Amino acid sequence: MAGFNILWASEFVPAAQDVYRHNHPGVHLDTRDIRQVSPDEILTCTGLQKGQLDVLEGSPPCASFSTAGKREKHWGEVKKYSDTRQRTDDLFFEFVRILDGLQPKVFVAENVSGLVKGTAKGYFKEILAAMKACGYNVKARLLDAQWLGVPQMRQRVIFIGVRNDIGLEPVHPHPLAYRYSVQDALPWITKQGDNGGFGGGSMREATGPSPTIGTGVQAGNVRFPPALVEADISRYAIGREWDRLGQGEHSTRYFQLTKASVALPSPTVTQTGGDLSAASVTHPTERRKFTIAELKRICAFPDDFVLTGTYAQQWERLGRAVPPVMMYHVARTIKDEILCKIK
């Protein structure tokens, strides 16, 4: 979206590999554990010399630092991660190892807000020091997707580093002056709960069409399915609790159960929400979770983005992802404010 050409990618989870191949044909996808990958192999594959790469971008798995998990209790352990088993709390240092070997002009690294909270702050300081030791001027900021064109409240720590010899400062995107609501992303939902089942219509006139609509498929030509059986939570305890909640309210009985408000960005979409019995964000006007087509818009993915697997697996892909529109603003800022200024 920001004009970069992807040369190489790494993905360890088989279900995520399948999704990546569908949406990025032609990109070399390395499916090994990143611990087995050497920087020299990446350089050979891409045909680049050390120091030539414009940007290295990585999102080491963040479950170990999430405030929704058990955090430090399982640091250092190999445990279940998605459809695999892997130690995840040390993967930032694997990113640093690749960074040191490739020496790109700029790097971007992402993690959850929990990395800068509580006990995890020690990890944050170690990671920051390791990045700087590779020869980079590094800054980290906590950004919220709802202020970067995404109809979802989603905080992420974004590290940006510029190689010292370039002599430029890392730059993060500035927040926009407006936000998109759930109704902006799903304009057929009314405050009274009527759902015609069709996409279409423009977003807020003052800000233009919502970027979450994506490209390739016109919103007016997309028909979204009615509430799917697989999204219905009526038979679960959280379904009964849903009836007690007003829009925008969080349950005091079930951790993370929240009913979205049509007038606000959605609460954070977590990767476990595809389990229908699990507490998570829910539809604002119907006793169900979002369909995958709806969730793609809430997570700022294009309508024509291909997801494969079960409902739960598709939800997980979206719940783990950095919203593309958010990362577009990060990438565009790096391109305009750093790369275009390199002499």
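Laboratory data are not the source of any read-out in this text; all were calculated from the coordinates shown. Quick caveat: nothing in here was measured; it's all calculated off a predicted structure. For neighbour counting, all protein chains shown are included, and Cβ atoms are generated from backbone atoms with ideal geometry for every residue, glycine included.
Counting other Cβ atoms within 10 Å as a rough exposure proxy, the listed residues Tyr311, Tyr178 run Tyr178, Tyr311 from fewest neighbours to most. Taking Cβ atoms as reference points and 12 Å as the exclusive limit, the residues near Arg156 contribute a net charge of +1, counting Lys and Arg as +1 and Asp and Glu as -1. Counted residue by residue at 0.36 nm each, then reduced by the alpha carbon distance between them, the extension gain from Arg240 to Asp275 reaches 11.0 nm.
Take the Cβ atoms of Asp40 and Lys139, set R0 to 22 Å, and the FRET efficiency comes out at 0.15.
Modelled spin-label separation between Asn23 and Asp304, with each label point placed 7 Å from Cα along the Cα-to-Cβ direction: 1.4 nm.
Spin-label model, His250/Lys121: points 7 Å from Cα along the beta carbon direction are separated by 2.1 nm. Of the peptides 293-303, 166-176, 312-322, the order by per-residue mean of other Cβ atoms within 10 Å, starting with the highest, comes out as 293-303, 312-322, 166-176.
Among the listed pairs Lys121/Lys335; Lys259/Lys296; Lys139/Lys341; Lys50/Lys296; Lys125/Lys343, give every one whose C-alpha distance is greater than 28 Å. From Lys121/Lys335; Lys259/Lys296; Lys139/Lys341; Lys50/Lys296; Lys125/Lys343, over 28 Å: Lys121/Lys335; Lys50/Lys296; Lys125/Lys343. Label-to-label distance, Asp336 versus Lys132, with points set 7 angstrom from Cα along the beta-carbon direction: 2.9 nm. Highest mean first, the peptides 103-110, 147-154 sorted by other C-beta atoms within 10 Å per residue fall in the order 147-154, 103-110. Ordering Val112, Val13 from the fewest to the most neighbouring beta carbons within 10 Å gives Val13, Val112.
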